[in-house]
Each structure stands twice: as structure tokens, then as C-alpha cells.
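Accompanying notes for the structure given below.
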Amino acid sequence: MTPPYAHIACCIDDSPAAERVLEHARGLWSPAEGRLSIVHVGPRPLLVHEVGGRTVPRPEDLSAAERAWLRRRAAAVPGAEAVFLEGLPGPAACAWAQEAGVDLLVTAAHHGLLDRLLLGSFAQHLVNHASCPVLVVRL
């Protein structure tokens with residue numbers, strides 16, 4: 001039998017909500033039959049240089065610490081892969097999810113009213129624009 005979600009993407013940040021979201025995603029994931037991507041969206045790199053004909057972020061860029069944090073976080077979940085995206089969080093996550101063939105996005109709804117009014121809601125953007133189902137974990 002095919003698992004209902006062959007590719008689950010768990011969108012996290014460094015908030016306490018991330019643990020609960022990851023717990024839900026892991027509960028739906030079958031490591032033997034599917035993929036779990038732990039996704040974090042950071043700012044676009046400010047400092048870049050050319051390496052072998054490719055433009056890559058410089059190690060001293062602001063997102064370097066976030067990349068390292070995400071790698072450590074994903075390493076703590078055997079079989080999971082770290083996916084670091086750059087840009088506006090909602091659109092970047094939706095575009096990547098469609099391109100990567102994600103079957104389910106898992107995220108948290110944990111920011112207050114002021115954050116949603118000023119910045120918009122990441123979870124709301126996923127619900128309205130993702131090409132796959134979205135599980136929003138309320139805290």
C-alpha cells in the first residue's frame with residue numbers, strides 16, 4: 001500500500017512552535033516509504049561570490065547561521081533532509097513545494113494579530129496558494 005504522503009515538508013523556524021509542528025509531521029511520515037523535508041526560509045543572501053561558474057552565498061552572509069541551524073536540526077531527525085529557501089517565505093515555500101512534488105505541507109499558526117496585519121501570515125499564504133494540502137498546527 002502506498003503511503004498517503006510520499007513527500008512531507010515541515011516548515012519550521014526557531015520558535016518553540018517548531019517542535020510541535022515537527023512532531024506532527026513525523027507522526028504522518030513513514031521513513032521507509034517516503035521523504036521528510038525540514039524547510040526553513042531565510043533572507044536572500046546579501047553577499048555572494050562566484051565558485052566554479054555558480055553564484056553562491058559567502059560564508060559570512062547573514063543566512064549562514066540559519067543554514068547551519070537548519071542542518072543541525074535536520075540531522076537530529078534520521079532520514080530527514082534540510083531544505084533552505086531564500087526570499088519571501090510564503091511564495092518561496094509554495095514554489096519549492098510544487099517543484100519538489102510535495103504531498104503535504106505542515107506549518108504552525110502561532111504569530112499574533114499584529115504580526116499577521118503587518119507582515120501577513122505564512123500559514124495563510126500556504127493555505128491559499130500551495131499546490132498540495134496544508135496541515136496547520138494550532139498552538
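Counting only residues that are surrounded by fewer than 18 Cβ atoms within 10 Å (Cβ to Cβ) and not in a helix (DSSP H, G or I), segment 65-81 holds 5 of them. ALA65 passes every criterion in (1) touching a Gly at 6+ places or on another chain (Cβ under 8 Å); (2) at pLDDT below 85 apart from (1). Residues that are touching a helix residue (DSSP H, G or I) at 6+ places or on another chain (Cβ under 9 Å) and farther than 11 Å from VAL39 by Cα within segment 74-87 comprise VAL77, GLY87, listed in sequence order. For segment 83-105, the set of residues classified as at pLDDT 95 or above and part of a loop (DSSP other than H, G, I, E, B) consists of GLY101, VAL102, ASP103, listed by residue number.
When the residues of segment 18-44 are filtered to those that are of a type outside the set (Asp, Glu) and assigned to a loop (DSSP other than H, G, I, E, B), the one that is surrounded by the most Cβ atoms within 10 Å (Cβ to Cβ) is TRP29.
Specify the residue that is nearest to CYS94 (Cα to Cα); the eligible residues are those in segment 1-17 that are in contact with a strand residue (DSSP E or B) (Cβ under 9 Å, 6 or more places away or on another chain) and surrounded by fewer than 16 Cβ atoms within 10 Å (Cβ to Cβ). Among those residues, the one meeting the criterion is ALA6.
The values are calculated or read from the model by the stated rules, or taken from the named source; none is laboratory data. Everything numeric in this text was worked out from a predicted model, so none of it was measured. Using ideal geometry, Cβ is built from the backbone for each residue, glycine included, and neighbour counts are taken over all protein chains shown.
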